[in-house]
Structure formats: C-alpha cells, structure tokens
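Step one of this worksheet: look at the structure below.
The values are calculated or read from the model by the stated rules, or taken from the named source; none is laboratory data. Model, not experiment: these values are computed from the prediction. Because the Cβ atoms are built from the backbone with ideal geometry, glycine has one as well, and the counts that use them run over all protein chains shown.
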Amino acid sequence: MKKLYKNYIYTILLAGSVFIFSILFSCTLNDDQKKDFLSIEVSEGDTLWGISDEYEATDLTKKEFIGWIEEHNGISADSIKPGQVIVIPVKGEELVGQSRISDD
C-alpha cells in the first residue's frame, strides 16, 4: 500500500486540489448569478405584461421577459396571484429607488 501511495502521491494531490478549487469556484459563481435576479411579490391587479413594463432594465424583449418568468417560476401568465413571490431577470443595482425590490 505504501508503494502504491508513493507512486501516485502527485496524482492524488492534484485530484484533491482540483476538487477543492472546483467547489470554491462553483460557490463564487452561484453568488454572482443571484445578483442578476430579483424576487418580487405580486400585488392585486398585477400582470406579467405590467411587470415587464415596470422593470424595463433588462436586455430582453417583453415577450422574452414574460417567457423567462413563466419558465423559471413554473407559472403561466394567467395564473399569477396576489401575494405570490416570483423571480425576475433584473439586476438590483439597475433599479435603485424602486420600492418593490426585495433582496433575498
């Protein structure tokens, strides 16, 4: 066993290092991606079209914006309800001063 360990010590160290760095990198990547989205609570009378008008700080068309919301929240445009929390693809720093922003 010692001979096997001696022969492959560098391979084992390299594999361990790659594993550790990949975990650290994935954690950092997830934190950055969370900054690109906002969670908002749907109010009475809100529609996805109206929400897309209110949050125009994105490079998506209104149709793409609504499609993204439907796909990533598992909803359809006609099924949103007041009090429901949805995620939208808008960066928080682009919307400074809007009252409906909620940081999660």
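Here are the numbers:
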{"quantity": "Every pair of residues 6+ apart whose Cβ atoms lie under 6 Å, when the first sits in the stretch 67-95 and is on the phi > 0 side of the Ramachandran plot while the second is at pLDDT 90 or above", "calculated": "none"}
{"quantity": "Residue ranges of helices (runs of 4 or more DSSP H) in the stretch 1-65 with at least 3 members at pLDDT below 75", "calculated": "2-7, 9-34"}
